[in-house]
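These notes are about the structure you will find just below.
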Amino acid sequence: MKTQSEDQTTLSRGDFMRSLGLSSAALMAFYCMGTTMTSCKSSDPAPVTPTPPVGGGGSTGITGTTTGSAIDFTLDLTNANLSTLKTEGNFSTIGDVLVIKVKGGSYVALQKLCTHAQLEGLSYRLATDDIKCSNHNSEFKTDGSVNKGPATTALKKYTTTLSTDGNKLQVKA
């Protein structure tokens, strides 16, 4: 006779959603509506900094182009929506970009989609100073290079420039 723990299997988020009969288009609709889905597969802690709200209710602290091929935006780190990015280890998704305050206090900006399957799910891990994808467990160094597959292509890295007072961060393609 099997025990309850012997019957349990681990499903990835994608497998779970497919088992519910949701298509890729339905999954993208969840992302577009701003719904955040978390993976139960990883024992890593949840992301420290949520994506700041966009639109409605005042300024987001973000100016410029945050999506597409012409990424060029500035973050006002004094804005309540972004001020947690001043703390080492915190990160946030801004448009198509993952912005991280890495170990040592510098900023890194990388594409937000994992290069393995072009899915969201990247998060920064301060303890190991790397980025992990919750979908298929690819790991990347903070320069974007692949540390562990299944991904084989590096993440696109953007240029970051911090103002002298430390209150504005510019991110450019």
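Of all residues in segment 111-137, those satisfying the criterion of being polar (S, T, N, Q) and more than 13 Å from the chain's Cα centre (by Cα) are THR128, ASN137. Here is the figure for segment 67-89: residues that are under 14 Å from the mean Cα position of the chain (by Cα) and within 18 Å of SER163 (Cβ to Cβ) total 1.
If only one of SER83, SER123, SER92 is more than 19 Å from THR60 (Cβ to Cβ) and either in the same structural domain as THR60 (by TED's automatic domain parsing) or touching a residue at least 60 places away in the same chain (Cβ under 8 Å) (or both), which one is it? Walk me through it before giving the result.
Numbers: SER83 fails: more than 19 Å from THR60 (Cβ to Cβ); SER92 fails: more than 19 Å from THR60 (Cβ to Cβ).
That would be SER123, the only listed residue that is more than 19 Å from THR60 (Cβ to Cβ) and either in the same structural domain as THR60 (by TED's automatic domain parsing) or touching a residue at least 60 places away in the same chain (Cβ under 8 Å) (or both).
The values are calculated or read from the model by the stated rules, or taken from the named source; none is laboratory data. Since the model is a prediction, treat every value here as computed from it, not as a measurement. Glycine also receives a Cβ, built like all others from the backbone with ideal geometry; neighbour counts cover every protein chain displayed.
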